[in-house]
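What follows is calculated from the coordinates using simple rules that are stated; it is not laboratory data. Predicted model only: the values in this text are computed from it and were never measured. Every residue, glycine as well, gets a Cβ built from its backbone with ideal geometry; the counts of neighbours run over all protein chains shown.
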Amino acid sequence: MPKSPFPLPTQDIRAISPLHWLKTARGRWKRGLLLVGSDLLGLAIAWQLADYINNFYSPIPADLVWWVWLDIPSLFWIFAFVTLVFFFGNHLYRSPPAPQNYTRAAWIITLVYGLFLVGSYFHNPMLDPPRSLFIAAWFLSVVLVLGLRFLLTLILRQFDRQAPPINVFLVAPAEQLESLAQILKKRPHYRIVGATLASMVSTQITVAQIKQSGAHEVLVKDLPETDLASHLFWHLRSAGIAIRLMPSSREMLYRRGLPEMFAGIPTLRVETPLLLCWDYRLKRWFDFLGAGLGLLLISPLLVGVAIAIRLDSPGPIFFRQPRAGLNGKPFKMWKFRTMVINAPQLQAQLEAQNQMKDGVLFKIKDDPRITKLGKFLRRTSIDELPQLLNVVLGQMSLVGPRPLPLRDVARFDEWHHIRHQVLPGITGLWQISGRSDLSDFNDAARLDLYYIDNWSLNLDLDILLETVRIVFFGKGAY
């Protein structure tokens, strides 16, 4: 039997002592407690409102009120406990921060309310629990829990931006280490504390080097097969150091699979969802309702901006530019005009100042064509609001790859056109991952492809949440 290059552990490598876990947690439990408090508050307010409304015509039967605490009946506390247990079991309080699974939270609340209705019947078939109370409490619970989670996550993310930099250790092939390091150096929230070659990842020296560097996370690209699971993963896990893998196309497909034994062979089964079409239909309903309601609510703002543009500079209020939409079909995208009236003609004279390395996009940080009011509209992204009309017309979605001018599309490489296979959006991964800070269109295109490959309603909601935070603080827009 060949001798192992690593000293054999005295216990199972997966075993971690509670004291060591507390040492490596680094306060991550605080975020979880805040989310627990947010969820409990949302459930309590929902139940109180539903109970107040329902008491006028159908109070809770006395047989279903075993005790009252904080003026809330026992039925709620049991329901809240079961809901939070399900939330814990479905990793809705996980840390480090990850996109909150809003749809899963809504399904869990729905499931628990359904179980309570069935359970109340089996508890005493003669009892007739007020279904109106359950329906009202269910609806309000979904709205308030998701709403408070959305708001709390927005606040926490802003605090994350003000936190000390995250120490990152890089693992990649020699030819990719430098480019990976340059990407991270552009982001002040990350600090590189070390690097090593992917070919050296399964050595004891590398693990010791990572632990001694003070790294919080390890960013990994192109690991040799099996090395991660057998050595690096468990050693870093026991040290409380997270691993981020940069996936290949094959790994992107793997993440969709479910582990399953097939004829004695370990496999990942990728199956078609039971409700195949409904997630996308929900997205489109959300688009139409959100855009329509948004236009209605911000109509006074739109009128005020229109008047200000008319007073600021001569020319039309709106700028309608042909953009490439679904399947590359052109459509007219609406924006508030932020440039002088002859801006398209002046662009040819400014091409030499383009800050995009590959020339696909046209970006200048101090574009002389932008009007005085236009700078404010762009910094606050108010100029993008008329695109809600494009969403209502079915030409765009709230979230998706950003539609680009025909001038840019004409410079595409062949693989860039994959982004046209889905509806374009007002915001997307590109916009929340650096916006104008990106200097290479290939980086933006890869973000769009990642979005397409990993699309879900949760991802859309998370992008919308991050967009609100970025727009509010005006990061990366010019």
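Details
- In terms of surrounding Cβ atoms within a 10 Å radius of their Cβ, Tyr102, Tyr450, Tyr52 rank from fewest to most as Tyr52, Tyr450, Tyr102.
- Multiplying the residue separation of Phe88 and Arg379 by 0.36 nm and removing their Cα-Cα distance gives an extension gain of 100.8 nm.
- Separation in nanometres of the label points that stand 7 Å from Cα toward Cβ, at Gln158 and Trp455: 3.1 nm
- Peptides 80-91, 383-394 ranked from most to least packed, by the mean per-residue count of other Cβ atoms within 10 Å: 383-394, 80-91.
- Net charge in the neighbourhood of Pro322 (other residues with Cβ under 10 Å of its Cβ; Lys, Arg +1, Asp, Glu -1) is +4.
- Modelled FRET efficiency - R0 51 Å, Glu175 with Leu49, Cβ distances, 0.05 increments: 0.30
- Note, ³J(HN,Hα) from phi for segment 161-178, Karplus 6.51, -1.76, 1.60, rounded to Hz, x at Gly and Pro: 5, 9, 6, x, x, 7, 6, 10, 10, 9, 10, 6, x, 4, 6, 10, 4, 5
- Stretchable slack from Asp443 to Glu217, in nm (0.36 nm times residue separation minus alpha-carbon distance): 79.2 nm
- Nearest-0.05 FRET efficiency for Arg284 and Leu111, computed from C-beta distance (R0 25 Å): 0.50
- For the listed peptides 306-315, 213-222, a ranking on the average number of other beta carbons within 10 Å per residue, highest first, reads 213-222, 306-315.
- Burial ranking of peptide ranges 45-51, 344-350 (average Cβ count within 10 Å, highest at the top): 45-51, 344-350
- Cα shape, segment 164-246, gyration tensor, a/c 1.5 rule: oblate
- Pairwise label distance in nanometres, Leu245 with Leu311, each label 7 Å out on the Cα-Cβ vector: 5.8 nm
- Spacing of the modelled spin labels on Gln182 and Leu41, each 7 Å from Cα toward Cβ, amounts to 4.6 nm.
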